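For reference, the structure discussed in these notes is given below.
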């Protein structure tokens with residue numbers, strides 16, 4: 001068995017693997033993944049030394065008694081089974097269940113919220129997926145973690161899709177992809193932090209943006225014109241989405257006090273990544289904001305967007321519903337709020353902005369801009385075509401060299 005010590009944040013972790021995948025799959029040898037956290041490097045070295053000596057001395061080593069009080073029960077049982085330290089019945093532990101994992105994961109999320117590493121809204125969304133998966137397992141009469149396989153997870157996706165599509169306003173595959181990503185994180189926690197299972201039963205197909213059918217979908221110019229003409233009472237909402245590129249959660253939370261009228265900019269801390277973005281206000285949007293401000297005479301803490309039907313602050317689900325209704329009026333398919341963000345990013349790149357500039361305006365990463373938005377910029381492809389059609393490239397140089405080899409006199 002091989003071990004190594006790695007520093008992760010403020011802790012030192014002992015990581016080790018035992019057994020080969022091929023032998024594990026054939027049942028000849030157990031494969032163990034070990035991950036233990038300590039506060040200092042010296043403590044990690046001492047614990048690693050005890051484990052090494054216990055494995056080397058065999059089942060009769062007195063160190064096993066000490067390790068039993070230090071290591072997690074499941075980890076100790078697996079190490080003891082490697083050398084045959086004791087009968088299984090003496091070191092047996094309860095088989096891990098989904099209910100136990102869900103409780104541990106919920107407690108971990110509460111800690112992360114207290115430390116400021118996780119938002120409360122994210123915890124709510126994770127809890128919904130965990131609860132849904134627990135309800136699904138009850139329909140399959142499954143409770144133990146080792147009974148959960150990839151095939152069962154795929155059945156859960158189909159089960160969830162059926163339930164999601166029954167809703168009047170559903171996001172379809174986007175919601176299922178998020179459920180899969182959340183379950184992957186839950187089981188990753190079970191593997192690395194709790195050591196309840198050896199491998200993650202959830203296989204991700206990739207980020208939603210990796211699939212062109214679920215990735216960036218910028219509007220075409222004709223679609224934007226149709227949406228603008230049919231906006232009606234949603235004109236201010238349309239202009240905010242069109243000319244700021246903000247996520248739906250940031251648009252509905254935007255307040256009048258976050259507008260700098262002198263510099264004509266919006267200064268906001270994004271909800272998702274907690275990044276400060278300063279977005280210049282387009283002239284068309286500025287005029288609409290001035291008219292609305294003059295009409296309402298709002299306070300700085302008042303929300304900008306209101307529901308035209310009730311006059312109450314617009315919520316994210318209601319924003320999604322109103323954009324769907326706008327799409328039906330304009331004859332544009334699927335105008336969800338995030339498509340305006342895609343359009344804004346692609347539009348900036350097409351006008352000559354660098355990926356770094358776009359990332360700063362959107363509060364995102366340069367890698368995301370280059371991966372998901374740059375391929376849609378036609379000007380970049382045309383520029384590459386013009387470059388490839390001029391000058392001397394590899395093919396011309398190769399042809400000249402072939403001619404020189406055939407006729408040495410051509411060499412000057």
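Got at least one residue in segment 118-131 being over 22 Å from the mean Cα position of the chain (by Cα) and part of a helix (DSSP H, G or I)?
Restricting attention to segment 118-131, the residues satisfying the condition of being over 22 Å from the mean Cα position of the chain (by Cα) are none.
Checking segment 118-131: not a single residue is over 22 Å from the mean Cα position of the chain (by Cα) and part of a helix (DSSP H, G or I).
Of all residues in segment 64-77, which are under 16 Å from residue 48 (Cβ atoms) and either surrounded by fewer than 17 Cβ atoms within 10 Å (Cβ to Cβ) or touching a strand residue (DSSP E or B) at 6+ places or on another chain (Cβ under 9 Å) (or both)? I'd like the intermediate steps shown before the answer.
Just the residues of segment 64-77 that are under 16 Å from residue 48 (Cβ atoms), to begin with: 64, 66-67, 70-72, 75-76.
Correct list: 66, 70, 71, 72, 75.
Under 7 Å between Cβ atoms, which residue pairs at least 6 apart in sequence (or on different chains) link something in segment 354-377 that is on the phi > 0 side of the Ramachandran plot with a partner that is buried (at least 19 other Cβ atoms within 10 Å of the Cβ)?
Filtered contacts from segment 354-377: 363/277.
Can you tell which of 140, 150 is in the same structural domain as residue 193 (by TED's automatic domain parsing) and surrounded by 13 or more Cβ atoms within 10 Å (Cβ to Cβ)?
Sole residue among the options that is in the same structural domain as residue 193 (by TED's automatic domain parsing) and surrounded by 13 or more Cβ atoms within 10 Å (Cβ to Cβ): 140.
Name the single residue, out of those in segment 366-392 being assigned to a loop (DSSP other than H, G, I, E, B) and in contact with a helix residue (DSSP H, G or I) (Cβ under 9 Å, 6 or more places away or on another chain), that is modelled with the highest pLDDT.
The residue in question is 373.
What number of residues within segment 321-354 satisfy the criterion of being more than 15 Å from residue 251 (Cα to Cα) and more than 20 Å from the chain's Cα centre (by Cα)?
So the count comes out to 22.
Since residue 332 meets every condition but one in (1) crowded, with 19+ Cβ neighbours inside 10 Å; (2) closer than 30 Å to residue 262 by Cβ; (3) in contact (Cβ under 8 Å) with a residue 24 or more places away in the chain, which condition does it not meet?
(2)
The values are calculated or read from the model by the stated rules, or taken from the named source; none is laboratory data. If you're wondering where the values come from, they're calculated on a predicted model, not measured in any experiment. Positions of Cβ are generated from backbone atoms using ideal geometry, with glycine treated the same way; all protein chains shown enter the neighbour counts.
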